[in-house]
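Here's the structure, in structure tokens; my notes come after.
The values are calculated or read from the model by the stated rules, or taken from the named source; none is laboratory data. What you are looking at is a predicted structure, and each value in this text was computed from that prediction instead of being measured. In this analysis, Cβ positions are derived from the backbone assuming ideal geometry, glycine residues included, and neighbour counts consider all displayed protein chains. Protein only, heavy atoms only, side chains kept; ligands, DNA and RNA dropped before computing areas. Shrake-Rupley method; radii C 1.70, N 1.55, O 1.52, S 1.80 Å.
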Amino acid sequence: MGWSFKVHGGIALAMSATALLLALLSWVPGMTLSLTDVDWLAVVVLMLPVVLAAGVRVLLTGSDKKTLWRAFWCLPGRLQATLGVLFISGFALFFMGMSNDTRQQTEMIKDGRYYVFDMTTSKRALVEVPRSQYEKVAREDQRPMFAGFTWLCAVSAFGVFTAGELRRADARSGSVDAAT
């Protein structure tokens with residue numbers, strides 16, 4: 001596997017692990033990661049090229065799912081385990097985060113007052129809440145997003161590493177054919 005595949009896959013793995021850590025921290029009581037809309041935009045802008053490039057690399061192999069899966073089993077065992085843990089934990093945390101019982105969403109902080117969009121009543125309106133309630137709702141809002149980023153980056157790393165493995169195998173089989 002070429003160095004560019006290792007670097008690209010390593011970046012995707014690091015992003016996935018970071019998102020998993022943030023998703024797990026959102027379950028810790030009292031821990032609030034107050035990301036603004038600008039912060040979320042920065043996260044998406046950083047993640048998008050990595051994910052898109054991974055998709056392009058997989059498409060350029062021209063392989064089907066079965067071949068990609070076989071290439072995955074040729075990767076080192078620790079890498080397989082890491083990818084599996086990130087994929088499964090991101091998937092599980094996403095659905096756990098989506099199953100929250102509160103029907104409120106963070107809306108804004110204005111003049112030191114905290115507002116959430118309350119969907120429990122038939123009116124569905126902005127409601128002023130105490131800071132502790134706002135932070136609780138913010139944590140619950142962020143859980144599925146961090147978990148989704150974990151899963152998406154793990155899938156990207158899977159794609160990059162399997163594409164690199166297929167390219168290595170193709171280069172090896174090409175050199176064998178040239179020698180005969």
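If packing is taken as the average number of other Cβ atoms within 10 Å across a peptide's residues, how do 155-165, 77-87, 140-150 rank, most packed first?
On the way: 155-165: 25.1, 77-87: 15.0, 140-150: 21.7.
Descending packing order for the listed peptides: 155-165, 140-150, 77-87.
In nm, give the distance between the simple-model label positions of Thr67 and Ile88, each being 7 Å from the Cα along the Cα-to-Cβ direction.
2.9 nm
Ignoring any ligand, DNA or RNA, what whole percent of the accessible area of the chain comes from carbon and sulfur when the probe is 1.4 angstrom?
Result for the chain: 66 percent of the exposed heavy-atom area is carbon or sulfur.
Please give the solvent-accessible surface of Leu60 in Å², to the nearest 10, using a probe radius of 1.4 Å with every protein chain present.
Approximately 140 Å² for this residue.
Counting only pairs 8 or more residues apart or on different chains, how many lysine pairs in the chain have their Cα atoms under 28 Å apart? Please list the in-between numbers first.
On the way: Lys6/Lys65; Lys6/Lys66; Lys110/Lys123; Lys110/Lys136; Lys123/Lys136.
Close lysine pairs found across the chain: 5.
What Kirkwood hydrodynamic radius do you get for the chain when you take the inverse of the mean 1/r over all pairs of distinct Cα atoms, in Å?
Working: mean 1/r = 0.0544 Å⁻¹.
That comes to 18.4 Å for the chain.
DSSP H helices in the chain with Cα extent of 15 Å or more along the helix axis and mean Kyte-Doolittle hydropathy at least -1.0?
Numbers: long enough: 3-25 (33 Å, 1.48); 37-61 (36 Å, 1.94); 77-98 (31 Å, 1.43); 131-179 (71 Å, -0.26).
Result, helices passing both filters: 3-25, 37-61, 77-98, 131-179.
How long are the semi-axes of the equivalent ellipsoid of segment 1-80, taking √(5λ) for every eigenvalue λ of the Cα gyration tensor, in whole Å from largest down?
On the way: eigenvalues 180, 55, 23 Å².
Values for segment 1-80, descending: 30, 17, 11 Å.
For the chain, what is the accessible area per residue in Å², given a 1.4 Å probe and the full set of protein chains? Present the calculation step by step, with values, prior to reporting the outcome.
Details: 11010 Å² over 180 residues.
Result: 61 Å² of accessible area for each residue.
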